[in-house]
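Worksheet: the structure to be examined is printed underneath.
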Amino acid sequence: MLDQIGLADRLHELPHAKMREMRFNTPAGVYRMAVFSRLPTRFPYVMIMPQSRFLEFLIAEARKYPHFRIAMDANVQQLIEQEGCIRGVTYRGGDRQCEVRATLTMAADGRFSRLRKLAGLEGVSQSAPPMEVIWLRLPRKPEDSHEEGSINIGHGRVIALLGRVDEWQIGYIVAKGGYQKLKREGVGVLQKSIADLVPWLADRVAAIGDWHQINVLSVEADRLTRWYRTGLLVIGDAAHVMLPVGGVGINCAVADAIEAANVLVQPLRAGRVEDQHLREVQRRRERCTQIIQRFQRVMQRRGLGETLEAARPFKMPLPLRIVLRIPGLRDLPPRVMAFGVRRAKLERPEEFAA
Ligand SMILES: Cc1cc2nc3c(=O)[nH]c(=O)nc-3n(C[C@H](O)[C@H](O)[C@H](O)COP(=O)(O)OP(=O)(O)OC[C@H]3O[C@@H](n4cnc5c(N)ncnc54)[C@H](O)[C@@H]3O)c2cc1C
């Protein structure tokens with residue numbers, strides 16, 4: 001999508017790492033889960049850069065549009081509602097109370113969405129064993145030349161590794177409550193546990209000094225039955241909280257934004273957005289989201305969940321094992337991870353030229 005609107009080449013000028021492959025290292029063997037380098041695209045890899053840098057880039061590009069305005073550190077408080085129609089929001093900016101009024105309000109406020117609650121929209125839980133992901137970073141050395149990410153599974157634990165330019169981002173996945181247990185046991189236990197499962201990290205686990213360097217996120221999924229109200233559209237995790245499995249949550253959120261752009265540009269130009277337009281955005285995206293959430297749930301329950309809770313050896317779900325063996329099908333997982341179930345594309349990219 002960034003390529004479609006002419007931003008991909010400029011983005012590549014910023015420092016970044018590339019992940020060309022995602023492997024599952026398990027006691028039963030190595031599975032090349034997603035070989036992105038085989039995908040038919042100009043960009044056959046996952047580009048990894050700090051989110052803050054990427055957002056600064058987007059904001060700088062967006063400022064080229066004469067009507068663009070952004071309020072940073074703005075904390076949305078309330079919806080402005082008139083005669084059953086959402087007309088904007090009030091927000092706190094520093095110690096000031098402000099408001100913004102709009103033909104359409106988009107709620108993209110993530111998995112703890114305040115706006116969806118204020119709008120009274122109901123989520124249906126996508127039950128999967130609750131987990132926590134403990135995030136931390138370790139130094140990346142020049143000799144670690146892997147252009148790959150990995151999920152390392154064994155001894156009742158799962159560790160995801162993503163290569164940034166000069167560090168490894170580590171996601172240590174535990175069953176719910178596991179973080180507090182580890183905290184009680186002490187940082188030494190965490191260091192040893194990482195070194196046991198990924199022995200080549202043993203020479204640097206001492207860099208994990210204390211718990212301030214560590215973030216924890218709990219992982220639960222749900223989906224709204226209705227993504228809109230008159231004047232309000234909910235997209236991204238606010239509409240459907242995604243699990244981390246497959247690293248596709250951001251792509252799903254971006255695909256929602258692309259379809260919203262496809263459907264809404266003309267009605268917005270005309271200054272009139274009807275419920276039918278918002279329903280159409282949901283229709284275009286709902287099925288794809290459901291399929292991905294179902295796949296994530298199976299992987300989380302049958303793969304990771306059993307490994308974590310019962311400390312059983314990890315078993316790659318059978319359908320996936322079959323898919324990964326068949327040449328015509330083995331690129332299905334990286335395809336879905338990269339492009340989603342149906343590739344979302346801007347239908348009229350020229351409309352977005354700055
Ligand atoms: C542990 C974990 C690991 C994950 N790993 C991956 C991964 O590797 N790859 C991947 O693609 N996905 C991953 N996901 C999923 C991914 O994070 C989400 O699907 C994705 O971030 C959704 O994007 P979003 O823009 O909808 O929401 P978010 O990225 O959550 O953005 C929401 C924004 O809204 C802001 N906000 C919230 N409330 C307010 C308010 N009241 N006023 C103003 N602003 C507000 C927040 O500050 C935030 O900036 C992971 C999820 C979890 C839990």
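Miscellaneous remarks
- Here the contact order of the stretch 207-354, divided by its residue count and restricted to Cα pairs under 8 Å and six or more residues apart, works out to 25 percent.
- Neighbours of Leu115, meaning other residues whose beta-carbon lies under 13 angstrom from its beta-carbon, give a summed charge of +2 when Lys and Arg score +1 and Asp and Glu score -1.
- Legend: ranking of residues Trp200, Trp135, Trp168 from fewest to most surrounding C-beta atoms inside 10 Å; resulting order Trp200, Trp135, Trp168.
- Taking Tyr179, Tyr91, Tyr65, Tyr228 and counting other C-beta atoms within 10 Å, the order from fewest to most: Tyr65, Tyr91, Tyr179, Tyr228
- Ordered by the count of other Cβ atoms within 10 Å of each Cβ, fewest first, Ser52, Ser150 give Ser52, Ser150.
- For the chain, the 222 nm mean residue ellipticity estimated from helices alone, with every DSSP H stretch of n ≥ 4 adding -39500 (n - 2.57) and the total spread over all residues, rounds to -9000 deg cm²/dmol.
- Rounded if a/c under 1.5, otherwise prolate or oblate - the stretch 128-182, Cα gyration tensor axes: prolate
- Residue pairs, from the table Lys117/Lys176; Lys315/Lys345; Lys18/Lys192; Lys18/Lys64; Lys18/Lys345, whose Cα atoms sit over 31 Å apart: Lys315/Lys345
- On Cα atoms only, tilt of 275-298 relative to the major axis of the chain in degrees: 10 degrees
- Whole-Å distance, taken between Cα centres, linking the stretch 139-188 and the stretch 54-112: 35 Å
- Global form of the stretch 253-295, assessed from the alpha-carbon gyration tensor, a/c cut-off 1.5: prolate
- Residues with amide H under 5 Å from that of Arg226, placed H, sequence gap 5 or more: Glu122
- Taking the chain as a Gaussian network of alpha-carbon nodes connected by springs under 10 Å, the highest mean-square fluctuation of the residues Phe24, Phe57, Phe339 belongs to Phe57.
- Among Glu61, Glu13, Glu132, residue whose mean-square fluctuation peaks in a GNM of the chain (springs only between Cα atoms under 10 Å): Glu13
- Each Cα pair under 8 Å and six or more residues apart adds its separation to the average, and for the stretch 122-188 the resulting relative contact order is 37 percent.
- Anisotropy class assigned to the chain is prolate, per the alpha carbon gyration tensor with a/c at or over the 1.5 cut-off and a/b larger than b/c.
- Between the stretch 202-225 and the stretch 297-354, the alpha-carbon center distance in angstrom: 22 Å
- Short-range pairs are left out: with C-alpha atoms under 8 Å and at least six residues apart, the relative contact order of the chain is 20 percent.
- Here the gap between Val189 and Arg164, fully extended at 0.36 nm per residue and compared with their Cα-Cα distance, gives a gain of 6.5 nm.
- The GNM of the chain, with springs linking C-alpha atoms under 10 angstrom apart, assigns the highest mean-square fluctuation among Asp196, Asp222, Asp256 to Asp196.
- In a reduced charge model with +1 at each Lys and Arg Cβ and -1 at each Asp and Glu Cβ, the stretch 180-325 shows a dipole moment near 500 debye about its Cα centre.
- Cα-derived Rg over Rh, computed across the stretch 55-136 with Rh taken as Kirkwood radius: 1.05
Every read-out reported here was derived from the displayed coordinates using simple, explicitly stated rules and does not represent laboratory data. This is a predicted model, so every value here is computed, not measured. Virtual Cβ from ideal backbone geometry, glycine too; neighbours counted across all protein chains shown.
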